[in-house]
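Computed from the coordinates by the stated procedures, all read-outs in this text should not be read as laboratory data. It should be emphasised that the depicted structure is a prediction, and the values quoted were computed from it without experimental measurement. Note that we place each Cβ from the backbone using ideal geometry, even for glycine, and neighbour counts take in every protein chain shown.
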Ligand SMILES: NC(=O)c1ccc[n+]([C@@H]2O[C@H](COP(=O)([O-])OP(=O)(O)OC[C@H]3O[C@@H](n4cnc5c(N)ncnc54)[C@H](OP(=O)(O)O)[C@@H]3O)[C@@H](O)[C@H]2O)c1
């Protein structure tokens with residue numbers, strides 16, 4: 001597609017940003033719908049976040065994704081923040097609407113959509129969530145609303161407890177918490193239907209690590225590891241070997257990206273095209 005004076009600019013800010021999958025995914029999606037949009041990656045240091053956000057207004061950029069380490073710090077530079085992003089204290093999508101900057105977080109909807117579109121029903125189910133960082137916070141809010149029960153385990157138990165109190169209030173549900181010890185995982189996993197790993201354990205370069213002992217995985221369990229690099233974490237391999245249903249982290253990545261795409265363009269995202277682009281890229285790297 002030819003770039004012209006009318007081309008709308010979107011992008012992602014983060015540091016590091018060189019290995020982001022988002023430019024491939026979004027540019028392929030724009031091209032497939034013949035939209036006059038382009039998506040670029042901008043390396044932005046923490047000390048320059050205010051200047052970068054002013055640049056959105058000055059350059060009339062349509063929208064940005066926000067990734068580590070700016071998801072929280074970017075918030076004070078925006079004009080309006082969506083309620084769910086306020087609750088989790090994290091923004092991953094910015095929309096520039098007539099020079100007003102709106103902040104959203106699409107990680108939670110992305111995770112729920114990834115589960116549902118892959119045949120994992122949440123209603124009436126118990127979910128065990130590992131982690132209490134940025135992504136886990138978004139997921140906790142989104143899944144608590146839809147499921148019956150939720151347990152949150154984290155290395156830093158205090159963070160799991162803080163998160164559970166916030167989510168209990170918002171979703172009006174009782175949430176149990178604990179550590180990532182073998183005992184806590186075993187006792188919580190026993191009556192859970194869905195396991196979600198939102199810790200960084202198993203992420204490149206720690207390919208061989210998992211916090212879930214293999215013998216605890218079983219057939220009537222659905223497992224989503226939100227890590228997508230590597231494409232198959234140790235947890236995913238173990239879950240497959242145990243006959244569990246597996247949802248890849250790429251699915252969440254695609255659906256959170258699709259939600260951002262829809263915010264910027266007002267068009268339904270071409271999910272299949274985005275999936276193909278993301279998987280082709282990940283298999284190469
Ligand atoms: N698929 C997607 O669309 C998607 C979207 C966002 C993020 N992600 C992935 O999700 C993962 C988490 O991202 P994030 O933004 O939530 O990161 P984050 O805010 O830094 O949170 C990291 C989490 O991992 C835990 N953790 C880190 N090192 C640990 C260790 N050695 N042992 C036990 N727990 C450990 C942390 O526990 P403490 O609280 O104890 O430090 C915390 O719960 C990353 O791999 C990221 O790539 C995927």
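Quick notes
- Residues of the range 1-17 that are over 14 Å from residue 65 (Cα atoms) and either surrounded by fewer than 17 Cβ atoms within 10 Å (Cβ to Cβ) or within 17 Å of the chain's Cα centre (by Cα) (or both): 1, 2, 3, 4, 5, 6, 7.
- Restricting the range 178-210 to residues that are in a helix (DSSP H, G or I) and out of contact with any helix residue (DSSP H, G or I) (no Cβ under 8 Å at 6 or more places or on another chain), the residue that is nearest to residue 285 (Cα to Cα): 182
- Selected residue (only one of 250, 212 is within 11 Å of the ligand (Cβ to nearest atom) and within 24 Å of residue 116 (Cβ to Cβ)): 250
- Scanning the range 258-272 for residues that are surrounded by 13 or more Cβ atoms within 10 Å (Cβ to Cβ) and either touching a strand residue (DSSP E or B) at 6+ places or on another chain (Cβ under 6 Å) or on the phi > 0 side of the Ramachandran plot (or both) yields 260, 263, 264.
- Per the conditions (1) without any contact (Cβ under 8 Å) to a residue 60 or more places away in the chain; (2) in contact with a strand residue (DSSP E or B) (Cβ under 8 Å, 6 or more places away or on another chain), the sole criterion not satisfied by residue 123 is (2).
- Options 245, 267, 204, 276; residue that is within 11 Å of the ligand (Cβ to nearest atom), closer than 30 Å to residue 104 by Cβ and under 22 Å from the mean Cα position of the chain (by Cα): 204
- When 274, 252, 224 are screened for being in contact with a helix residue (DSSP H, G or I) (Cβ under 8 Å, 6 or more places away or on another chain), touching a residue at least 60 places away in the same chain (Cβ under 8 Å) and assigned to a strand (DSSP E or B), only 224 passes.
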